[in-house]
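Okay, structure first, notes after.
The values are calculated or read from the model by the stated rules, or taken from the named source; none is laboratory data. Quantities reported herein were computed from a predicted structural model and do not represent experimental measurements. Neighbour counts run over all protein chains shown; Cβ positions are idealised from the backbone, glycine included. All accessible areas refer to the heavy atoms of the entire protein, side chains included, with ligands and DNA or RNA removed. Shrake-Rupley method; radii C 1.70, N 1.55, O 1.52, S 1.80 Å.
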Amino acid sequence: MATQGNAEIRGDERGTLLIFLAGQRGAVRRAVLGLTDEQAAATPSASALSLSGLVKHVAETEQGWVARARQVAPDMRRTEENWADSFQLVGDESVESALAYWDKVALATEEFVRSVPSLDDTFPLPRHHWSPGEEEVSVRWLLLHLIREAARHAGHADIIRESLDGKTAHELVAMARE
């Protein structure tokens, strides 16, 4: 469950989209509240997804898309050989380090979005099976895509957390406010 952000300032489309993105990020982040790294790495459903893996994946995905928009290399280059590592903590990674990385990514996303002259500005897409078919997309499309990506995984996170200990999104929102 995403919580509602502050009301938009009329005409501030960037701010409104960033508020919605922050709300979906918050839903994923709250899913790991009060869990150990071991609990967050559990896969209690038929899926191989874990909460810690979702945190890492959504952060990496956001960073990668903003890097594409800025036309620079992403922090992590994922291939078929290392794709699974984007959904699990490896080495000395922890939930805490994944959340800290995501904080930096979120700040960089906001700085980038606020720096572009227009949400209509475009950037080229690489050719991949997951590409939407266009050669270029706008910064507006980027934000909507990031909201969709985070929201999709927030739903996964809700199911996984409830499967782990029965905590629902409403309970996690209350815990986060304590």
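Annotation: I19 fulfils all but one of (1) open to solvent by less than 30 Å² (accessible area, probe 1.4 Å); (2) β-branched (V, I, T); (3) within 16 Å of the chain's Cα centre (by Cα); the unmet one is (1).
Taken together, the residues in segment 104-124 that are within 16 Å of L144 (Cβ to Cβ) and not acidic (D, E) amount to 8.
Of the helices (runs of 4 or more DSSP H) entirely within segment 91-178, those holding at least 1 residues that are touching a helix residue (DSSP H, G or I) at 6+ places or on another chain (Cβ under 7 Å) and among the acidic types (D, E) occupy 95-115, 139-165.
Of all residues in segment 102-114, which are under 13 Å from the mean Cα position of the chain (by Cα) and without any contact (Cβ under 8 Å) to a residue 12 or more places away in the chain? Matches in segment 102-114: D103, K104, L107. Taking the stated definitions as given, is R114 modelled with pLDDT under 95 and surrounded by fewer than 12 Cβ atoms within 10 Å (Cβ to Cβ)? No; evaluated as a whole, the condition is false for this residue. Restricting attention to segment 117-154 and to residues that are modelled with pLDDT of 95 or more and charged (D, E, K, R), the residue that is nearest to K56 (Cα to Cα) turns out to be E149. What are the pairs, 6+ residues apart or on separate chains, where a residue within segment 4-19 that is within 22 Å of H170 (Cβ to Cβ) has its Cβ under 8 Å from a residue that is modelled with pLDDT of 90 or more? Cβ pairs passing all conditions: Q4/G23; G5/I19; G5/F20; G5/A22; G5/G23; N6/I19.
Scanning segment 23-39 for residues that are crowded, with 20+ Cβ neighbours inside 10 Å and either within 14 Å of H145 (Cα to Cα) or of a type outside the set (K, R) (or both) yields Q24, R25, A27, V28, A31, V32. The set of residues in segment 40-85 being surrounded by fewer than 13 Cβ atoms within 10 Å (Cβ to Cβ) and of a type in the set (D, E, K, R) consists of R77, E80, E81. Taking residues in segment 86-101 that are closer than 13 Å to A41 by Cα, and partners anywhere that are in a helix (DSSP H, G or I) and open to solvent by 50 Å² or more (accessible area, probe 1.4 Å), the pairs with Cβ atoms closer than 6 Å and at least 6 places apart or on different chains are S94/D37; V95/D37.
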